[in-house]
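Colleague: Take a look at the following structure, please.
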Amino acid sequence: MVTDDCPVFLWLNFLFRLIGKQHEYDSQNTAGNEQQEAHVPSGILHNLSHDEGKKLKREADGRERIAYTMTKTNKTIETYSGISDIVKYIFEDEEDREDGYVQDEQYSGNRPGIYIEFKETWASSGELPNLVSKELEDLGWNVDKKPVTGSEANLFYKDGKINVGKTNGKVILQTFSLQSLRAVSEIFHGNVPMCFLLWEGSGATDISRTDPLGYASFINLAIKYKAHIIGPSIAGAPNNYTELNKPWQAYLIKKAGLLNHPYSFDTRDQMGKYSGKYNFEYPNDDLFEPPYLDGMFTNRTEMTLQFIKDENARFKNRFVPDIKNPRELLTQLGYAE
């Protein structure tokens, strides 16, 4: 049902959603963005601390909150409502990472990685890829600067546990933006897995032609700027995105030597359709053989894990973690009552 390359990318994304650790580097902004000072979000420390078996220190009433101080930067930004001061938040874990976290008594031993999304470069003055690279390097997670060597370099499962966070797949990058794709290629040199997400729209770098020539042009851009994965949208409820992963499109991605990581799989019907459980709109032939993917983005982790388990997906390592009830898991993590 799924190719052998699937575990690196499929399980990484699933496990982030499963344990509440997925974080997007999204530099929010409004008009006047050229005045914005770019900072690496503190979420990177939050994710990495979780991966190392720690949890965020809570206030006495149980709310998950790190202490912080707020200072003015003597800079302003023009917003739709007027001129506002730019302030800087300094969180407890940024000043002393150890002081902001405590050991998690429920740490399972799984070591996932992190999945970082870069938005448009103008949202952070173009500095965010460089800042993220430096932050990862300081934390020992930048495999472009310090690749993992030895037996664990590609050992994604170990002793029944997820081991991605100790491998060269510990960080995956993604973007919809062609400008960010180019900027990231110059910073990480193609040594960190990169996913180029496709979206049909009216934006300057959205895909506008979905015929073979137009589609191939975006695949060529992905190769030029050192992407490893293409992330096309898929059709069907509940999201009803544009279909950008037809069998012939999946074939072009595969022929180019890239992995195919479509989004977003939120029903078993979608999972069955694109993994080859039943035919697409027409019979298969020698070129367009399923599966039409190497990994899945999903908002329904428990459903997707169950589908993989039920359909006996073809992994090199046939490890499938226990599938927990999402409500119970959120309660356990302190996000629901």
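Since every read-out is calculated from the coordinates, none of them should be taken as a lab result. A quick note: this is a predicted structure, and the numbers were derived from the prediction, not measured. Methodologically, a virtual Cβ is constructed for each residue, glycine included, from the backbone with ideal geometry; neighbour enumeration extends over all protein chains shown.
Colleague: For the range 177-234, state which trypsin sites (Lys or Arg not before Pro) are in a DSSP loop and have at most 13 other beta carbons lying within 10 Å of their beta carbon. Write out the running numbers ahead of the final one.
Modeller: Working: sites: Arg182, Arg209, Lys224, Lys226; in loops: Arg209, Lys226.
The qualifying sites are Arg209.
Colleague: A further question on this structure: Are there GluC sites (Glu not before Pro) in the range 114-181 that DSSP marks as loop and that have at most 10 other Cβ atoms within 10 Å, and which are they?
Modeller: Answer by residue number: there is no such site.
Colleague: On a C-alpha basis, how far is the centre of the range 154-191 from the centre of the range 243-269 in Å? Whole number, if you could?
Modeller: Measuring centre to centre over Cα atoms gives 19 Å.
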